[in-house]
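Okay, so here's the structure we're looking at.
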Amino acid sequence: MTAQPASDLAVHDLPVPKVDSEVGPLRAVLLHRPGAELKRLTPRNNDQLLFDSIPWVDRAQEEHDAFAETLVSRDVEVLLLADALVTALSDERAHAAAADTAVDRRRVGHELADALSSHLSTLDNTVLADVLMAGMTFEELPAAEGASLVRKMHHPHDFVVDPLPNLLFTRDSSVWIGNRVAIASLALPARNRETALLDLIYAYHPRFRTAGRAYGAHSAPVEGGDVLLLAPGVLAIGVGERTTPAGAESLARSAFADGLAHTVLAVPIAQDRATMHLDTVCTMVDQDAVVMYPAVRDTLVAYPLQPDGDNGAGKGVVVSGPVPFLEAAASAMGIDRLRVIDTGLDPVTAEREQWDDGNNTLAVGPGVVVAYERNVETNERLEAAGIEVLRIRGSELGSGRGGPRCMSCPISRASL
């Protein structure tokens with residue numbers, strides 16, 4: 001990558017963290033380059049670790065590098081999660097906390113947990129970051145550490161620290177709303193530790209130490225792929241496989257209390273693998289336009305939430321609906337209607353391209369999006385509607401079911 005490392009710049013020279021829309025000109029973004037954690041995937045564990053197939057890691061890295069270069073070519077600063085984690089771990093408090101977050105005492109027992117935590121505390125920042133992301137097998141734990149029944153009864157290639165292959169999808173684990181960051185409460189066990197790593201980065205990286213928090217990571221489940229910033233003050237939150245109604249309401253109350261939103265739309269989506277997040281069926285591509293899976297266009301509804309004026313912002317919530325999603329979104333955004341660009345030209349193509357993340361585009365500015373090149377018809381429809389499409393390869397990146405939006409957490413966007 002040709003981007004100037006953030007570490008070479010003074011913090012005050014970098015874009016200020018703030019995101020109040022999906023399509024404002026993108027200034028800075030958090031990505032995670034695929035690493036050793038993907039090499040831990042096998043046919044025995046890929047389902048448990050939420051991958052549909054075993055990716056070719058070298059090719060995935062090449063594809064991700066090209067994605068990052070595409071963003072850099074549009075003057076977007078790319079901050080890599082691994083680099084940010086190493087920087088955060090340079091703080092002794094973060095280093096000590098990190099060792100504890102990697103240890104599951106209920107699974108390995110207190111004796112082995114103490115030995116493992118002690119070992120991790122001796123590692124330098126880079127090595128510890130690698131273990132936190134890629135995991136550690138019993139074989140890799142030094143033999144002198146933790147002689148126990150737990151160790152004897154596990155296969156040497158079993159994990160004493162689980163890998164985190166889904167770190168690739170940085171959108172899910174945190175999301176910026178205005179000048180505050182919401183650290184997600186991830187629903188599935190395979191992703192639980194991602195929250196702890198992002199918590200360390202945002203707490204101890206010099207760039208984020210003064211950033212406020214929106215929504216607590218220990219609240220009910222919310223994942224960033226379900227959160228769309230339709231316009232300043234307007235959020236849509238998908239409710240389905242990964243985000244619960246309680247999580248959506250908790251985030252809404254937090255956003256109201258902090259003055260980050262005046263309307264939140266809770267949007268039920270089908271609870272299955274093909275539609276795990278709201279951004280798998282709908283993303284913003286311009287200030288007044290979305291790309292959407294046509295199978296849900298006429299059935300998607302929303303429950304509008306607004307602060308109760310009688311009780312004060314954040315102390316009460318008024319829930320209405322359900323109403324058609326497109327109608328509710330346009331009303332909250334203060335526009336006549338949302339332009340809708342369908343995924344594909346016929347039901348079969350639409351279903352194929354939705355599965356291949358045709359709706360999961362990343363806007364780098366109004367009317368300019370990054371999309372997987374394989375979604376040929378969706379991309380042609382976007383261009384016919386006046387949207388510039390920056391095509392990237394994703395044959396290996398998509399094996400975990402995620403597109404350009406899933407793989408990116410915008411840190412800073414210019415206001416529209």
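The values are calculated or read from the model by the stated rules, or taken from the named source; none is laboratory data. No experiment lies behind these values; they were computed from the predicted model shown. No Cβ is skipped: glycine too gets one built from the backbone with ideal geometry, and neighbour counts run over all protein chains shown. What goes into the accessible areas is simple: the full protein's heavy atoms, side chains included, and nothing from ligands, DNA or RNA. Shrake-Rupley method; radii C 1.70, N 1.55, O 1.52, S 1.80 Å.
Worth a mention:
- Computed over protein heavy atoms with a 1.4 Å probe, the carbon and sulfur contribution to the accessible area of the chain reaches 50%.
- Debye log10 I(q)/I(0) at q = 0.15 Å⁻¹ for the range 76-180, Cα point scatterers: -0.67
- Residue among Met136, Met153, Met276 with the largest mean-square fluctuation in a Gaussian network model of the chain, springs linking Cα atoms under 10 Å: Met153
- Of the listed residues Lys18, Lys39, Lys152, the order by accessible area with a 1.4 Å probe, largest first, is Lys152, Lys39, Lys18.
- For the range 106-185, the solvent-accessible area with a 1.4 angstrom probe is 42 square angstrom per residue.
- In this label model, Val127 and Ala246 are separated by 4.2 nm, measuring between points 7 Å along each Cα→Cβ vector.
- Whole-number percent relative contact order across the chain, with pairs defined as alpha carbons under 8 Å at least 6 apart: 21
- With contacts taken as Cα pairs under 8 Å at a separation of at least 6 residues, the range 120-195 carries a relative contact order of 26 percent.
- Antiparallel DSSP beta bridges within the chain, as percent of all bridges there, nearest 5: 55
- Computed E for Val317/Phe208 - FRET, C-beta separation, R0 35 angstrom, nearest 0.05: 0.75
- Computed [θ] at 222 nm, deg cm²/dmol, the chain (DSSP H ≥ 4; -39,500 (n - 2.57); rounded to nearest 500): -8500 deg cm²/dmol
- Helix axis angle, 57-72 relative to the chain longest principal axis, alpha carbon, degrees: 50
- The distance between label points at Glu388 and Asp75 comes to 1.1 nm (points 7 Å beyond Cα on the Cα→Cβ vector).
- Summed residue charge, Cβ within 11 Å of Lys18's Cβ, Lys/Arg positive, Asp/Glu negative: +2
- Taking Ile335, Ile177, Ile387 as the candidate residues, the one with maximal mean-square fluctuation in a Gaussian network model of the chain, Cα springs under 10 Å, is Ile335.
- The angle between the Cα long axis of helix 92-101 and the main principal axis of the chain comes to about 90°, on a 0 to 90 degree scale.
- Taking the average, over residues, of other Cβ atoms within 10 Å as the packing measure, peptides 111-124, 82-95 rank 82-95, 111-124 from highest down.
- Scattering curve values for the chain, log₁₀ I(q)/I(0), Debye with Cα scatterers, q = 0.09 Å⁻¹: -0.53
- Charge sum, other residues only, whose C-beta stays under 11 Å from Leu338's C-beta, Lys/Arg counted +1 and Asp/Glu -1: -1
- Nearest-ten-degree value, helix 245-257 long axis tilted from longest Cα axis of the chain: 80
- Over the range 201-255, relative contact order from alpha-carbon pairs under 8 Å, at least 6 apart, %: 34
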